1. Which residue pairs have Cβ atoms closer than 6 Å, lie 6 or more positions apart in sequence or on different chains, and pair a first residue in the range 250-278 that is more than 25 Å from Val212 (Cα to Cα) and of a type outside the set (Val, Ile, Thr) with a second residue that is at pLDDT below 90 and part of a loop (DSSP other than H, G, I, E, B)?
2. Can you list the helices (runs of 4 or more DSSP H) found entirely within the range 220-338 that contain at least 1 residues being open to solvent by 40 Å² or more (accessible area, probe 1.4 Å), modelled with pLDDT of 85 or more and closer than 22 Å to Trp207 by Cβ?
3. Which is touching a helix residue (DSSP H, G or I) at 6+ places or on another chain (Cβ under 9 Å), over 28 Å from Leu306 (Cα atoms), open to solvent by less than 30 Å² (accessible area, probe 1.4 Å) and at pLDDT below 75, of Gln186, Gln216?
4. Would you check which residues across the range 350-371 are hydrophobic (A, V, I, L, M, F, W, C) and in contact (Cβ under 8 Å) with a residue 24 or more places away in the chain and list them?
5. Can you list residue pairs whose Cβ atoms sit under 6 Å apart, with the first residue in the range 113-133 being touching a residue at least 60 places away in the same chain (Cβ under 8 Å) and closer than 12 Å to Leu160 by Cβ and the second being outside any helix (DSSP H, G or I) and open to solvent by 80 Å² or more (accessible area, probe 1.4 Å)? Count only pairs 6 or more apart in sequence or on different chains.
6. Residues of the range 19-54 being open to solvent by 70 Å² or more (accessible area, probe 1.4 Å) and assigned to a loop (DSSP other than H, G, I, E, B), which ones?
Amino acid sequence: KIPDDAGCLFAQTFYRSLMEKKSVGQALREARLSLIEQNGEDGLVWASYVLYGDPSGVLSESMQKADGDEPDSAKKSLSPHLRKMVWWTVALCSILVIGYQLCIKGFLDKAAAKTLWKEAQQEYSRGEYTETIKILKKLLYEKQSARYRPMDIYPYNLLLMSSYAMLNDYSQAVMQGERLLMITQQVNRSENFVQIYLSFADLYLEWALFEVLFTQPSADIEEGAALKGKVLLTQRVSRHLVEATSYYQKVLENNPSAAIKADVFVGLAKIAQMKGLWKEAIPYAEQSVEVWHEVDALDYAAQRALGSIHLDLALWYAVGEQNFDKAWQHVVRLEKGLIQSSIRNGADGEFANRMKRKFEHFLNKIAAAGYLHSDFYHKIKSQYDAVFKR
């Protein structure tokens, strides 16, 4: 073992002697003597260093060029110049690297993210939800996304949640919804709370409807259940409906806009309908109608929603409560949805077509309920002809 102080003394003495152009053997001898002087011959530390090779060699010979050494004056004048060049080169490289990381790379990353986001939206609009998910995952999970603010990635998660829902992968959609809720809690913005609560509620309601229509055994649904609302709900479906109700209530607690409030009442009405609770479903739907009619000017989307609610209420009053007067009142109020003007003016052909399909579905439901030859059926059929047939 060689103590640190002895090793340090040996190295200082040995290399100092080499730089004085003494031979390797002389430098080794002087270094050993320095250890003997410090620790005495009995310490034996001096004997730990052994030379292999030519003891007469000197360090300066190995540093000389083939055509001879440069003059000492040239070395002295060149060394500081080279040091300064190296220093400035290192400094410039450091500035360039830092500038690239802070400015250029960030700009390029944002441009690439913007391009991917547009691609994801385009794929979603084309109905390519699997491809949309791939693009959004690349956006969300690449390294540079860690530098984004929570609200920067909020729309990515929202579209990812919707894409999973469109593929009926509701468990993944709920997972994305939980991430959205976490982001919303971080930024603490009330309008985002309303949006995420409404998304959650609609998602759980859609999940429940999917379970009833496509995953439950046929024995679990009574004959005419789709019409009468007497679906035998499984424990899982009931749990989804409880979650949907809870989130709809949270939306109402956060002072939503009229349009969102109307959607919430429609959702609550559908939940009550699935449970066969007409006395709860109808008041919720009526509240939705009242909210819409408080709005001064309705766009086509709102008119379409309002017309759909009127037809749902007409069906529920007729089939659920056999109240044909009330049902007829809602059929007549469809004229306030400007269906006739949209057909005449061609302002929104898709709007008119959707309402036409909805009305035809309503007629089929009334006929299936046993009212095909009733006066009520003939009245609503005449109303259908008057509104949709030119």
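1. Between residues of the range 250-278 that are more than 25 Å from Val212 (Cα to Cα) and of a type outside the set (Val, Ile, Thr) and residues that are at pLDDT below 90 and part of a loop (DSSP other than H, G, I, E, B), the close pairs are Ala258/Val295.
2. On the way: elements: 225-228, 235-253, 258-274, 278-293, 300-315, 324-332.
In the range 220-338, 235-253, 258-274, 278-293 are the helices (runs of 4 or more DSSP H) which contain 1 or more residues that are open to solvent by 40 Å² or more (accessible area, probe 1.4 Å), modelled with pLDDT of 85 or more and closer than 22 Å to Trp207 by Cβ.
3. On the way: Gln186 fails: open to solvent by less than 30 Å² (accessible area, probe 1.4 Å).
None of the other options fit; the residue is Gln216.
4. Taking the range 350-371 first, the residues hydrophobic (A, V, I, L, M, F, W, C) are 351-352, 355, 359, 362-363, 366-369.
Once the filter is applied, which keeps residues that are hydrophobic (A, V, I, L, M, F, W, C) and in contact (Cβ under 8 Å) with a residue 24 or more places away in the chain, the range 350-371 yields Phe351, Ala352, Met355, Phe359, Phe362, Ile366, Ala368, Ala369.
5. Between residues of the range 113-133 that are touching a residue at least 60 places away in the same chain (Cβ under 8 Å) and closer than 12 Å to Leu160 by Cβ and residues that are outside any helix (DSSP H, G or I) and open to solvent by 80 Å² or more (accessible area, probe 1.4 Å), there is no close pair.
6. Glu20, Lys21, Leu44, Val50, Tyr52, Asp54
The values are calculated or read from the model by the stated rules, or taken from the named source; none is laboratory data. Just so it is clear, the model here is predicted, and its values are computed rather than measured. So basically every Cβ, Gly included, is an ideal-geometry build from the backbone, and we count neighbours across all protein chains shown. Surface areas here come from the heavy atoms of the whole protein model, side chains and all, with no ligands, DNA or RNA. Shrake-Rupley method; radii C 1.70, N 1.55, O 1.52, S 1.80 Å.
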